[in-house]
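Participant: Have a look at this one before I ask anything.
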Amino acid sequence: MLPSRQYVIGAMVVMVLFVVSFFLYNPESVSQFKQKIVCLQKADDCSQKMDICSQKVDDKSTELAHCERKLLVHDLNGRKASLNVLTSWLAPIIWDGIYNLKTLNAQHKDTRIGLFVFAVKKYIRFLGPLLETAERFFMVGHNVTYYVFTDNVSNLVKPKMGEGRNLQLHEVSADKRWQDVSMRRMEILQAVTKEQMPNEIDYLVCADVDMVFNDHMGVEILGDLFATIHPGYFLADQQGFTYERRPISAAYIPYGEGDFYYMAALYGGRVEEIYKLSTACHNGIKEDKKKNIEAVWQEESHLNRYLVYNKPTKVLSPEYIWDTNLPNGELIKRKRFLAVHKNHEEVRN
């Protein structure tokens, strides 16, 4: 049988009177109780503040690398899209400080990576320094195959390779004109990414040989398809990009289209994606030859055309290609892949 309503009310009144009497005759207990409440509130506030502070530290670790650059560029006249960390189609733009290399290295511990280099005629002189610096800075700790295509295999001395890294030398004929040499790379790429590389590597990085690695370049660059913003145009207005503007060319990009101007000195992705890219570019080059024309910047023009309509899944900032003769170097804190200063006329002839 449940207690009566009057009984329950009476018990509650007695309990309230007991609590009030206790605090009236024990003021020290009241003070201690209040202090405990305050301490608990402070502890809770402190915990919340620590969580907020921790979040702010994480956020700042991402942003600090960009703050100075953004401050420096504030007074410059130019487009600032390339200084962001995301493109308009939400692909990351890779700058130092926006990735966790330890996590990425763990994710790619079994990834097989290739570096494709074309070294013919006088450009063969740059191969040694490129490979030597690659062993120090390129994909260190990962499995790497260097695919070197040259017209002088017999006279090349293979440099010492680190563990899990090897060099393949392939004989290729050299065209007389440097423009044809440049465009020939797409033909070679199309063939090897279809027939050989799918069985040997997962990702391919394509690079110019007249460059040297100057700082870390690792798996943070890897993606289905990645390309590098040209350091000479990273602050340029879109109208100033040197795309091929003649409608007759297969590399044609009309004004008003395009996102960045990419440099053909460094791009890559999964082998199957580079097969698609090289096939499209090689077909475009052949179309132009049939019309007896040549795109303004040869293979680079066709590369940019492809990337306008096939967006890269990662974009590399000018940290990943730089020339120390260029202005605005103070905006680039880590210069990872540097152009070698040379007499262009001398090496092309």
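Participant: Just to be sure I understand, how many residues within segment 134-151 are more than 18 Å from Gln168 (Cβ to Cβ) and either of a type in the set (Lys, Arg) or open to solvent by less than 20 Å² (accessible area, probe 1.4 Å) (or both)?
Facilitator: 1
Participant: Oh, and also: Would you please name the residue that is nearest to Arg334 (Cα to Cα), looking only at residues in segment 88-105 that are in a loop (DSSP other than H, G, I, E, B) and of a type in the set (S, T, N, Q)? Lay out the reasoning, then the answer.
Facilitator: Kept after step one, since they are in a loop (DSSP other than H, G, I, E, B), are these residues of segment 88-105: 88-91, 95-100.
Pick out the ones that are also of a type in the set (S, T, N, Q) and you get 88, 100.
Values: Ser88: 24, Asn100: 16 Å.
Taking the candidates together, the pick is Asn100.
Participant: Right, another one. Scanning for something farther than 23 Å from Trp322 by Cα and either aliphatic (A, V, I, L, M) or open to solvent by less than 10 Å² (accessible area, probe 1.4 Å) (or both), does segment 223-243 turn up at least one residue?
Facilitator: Within segment 223-243, none of the residues are farther than 23 Å from Trp322 by Cα and either aliphatic (A, V, I, L, M) or open to solvent by less than 10 Å² (accessible area, probe 1.4 Å) (or both).
Participant: Another question, then. Is it the case, given these coordinates, that Thr279 is in contact (Cβ under 8 Å) with a residue 60 or more places away in the chain and β-branched (Val, Ile, Thr)?
Facilitator: Working: in contact (Cβ under 8 Å) with a residue 60 or more places away in the chain: yes; β-branched (Val, Ile, Thr): yes.
Yes.
Participant: Being crowded, with 21+ Cβ neighbours inside 10 Å, within 18 Å of Lys314 (Cβ to Cβ) and touching a helix residue (DSSP H, G or I) at 6+ places or on another chain (Cβ under 9 Å), is that true of even one residue in segment 191-201?
Facilitator: Within segment 191-201, one or more residues are crowded, with 21+ Cβ neighbours inside 10 Å, within 18 Å of Lys314 (Cβ to Cβ) and touching a helix residue (DSSP H, G or I) at 6+ places or on another chain (Cβ under 9 Å).
Participant: What is the residue count in segment 106-154 for residues that are over 19 Å from Met217 (Cβ atoms), in a helix (DSSP H, G or I) and of a type in the set (Val, Ile, Thr)?
Facilitator: 2
Participant: For Pro312, state whether it is at pLDDT 95 or above, out of contact with any Pro (no Cβ under 6 Å at 6 or more places or on another chain) and in a loop (DSSP other than H, G, I, E, B).
Facilitator: Yes, satisfied.
Participant: Please verify whether segment 68-88 includes one or more residues that are within 19 Å of the chain's Cα centre (by Cα), at pLDDT below 70 and open to solvent by 70 Å² or more (accessible area, probe 1.4 Å).
Facilitator: yes
Participant: Here's a follow-up. Being farther than 20 Å from Lys333 by Cβ and either open to solvent by less than 10 Å² (accessible area, probe 1.4 Å) or part of a strand (DSSP E or B) (or both) is the filter here, so list the residues in segment 203-218 that pass it.
Facilitator: Scanning segment 203-218 gives Tyr203, Leu204, Val205, Cys206, Ala207, Val209.
The values are calculated or read from the model by the stated rules, or taken from the named source; none is laboratory data. Just so you know, these numbers come straight off a predicted model, no measurement behind them. Counting neighbours? That spans all protein chains shown, and the Cβs are built from the backbone with ideal geometry, glycine included. Heads up: the accessible areas ignore ligands, DNA and RNA and are worked out on the full protein's heavy atoms, side chains in. Shrake-Rupley method; radii C 1.70, N 1.55, O 1.52, S 1.80 Å.
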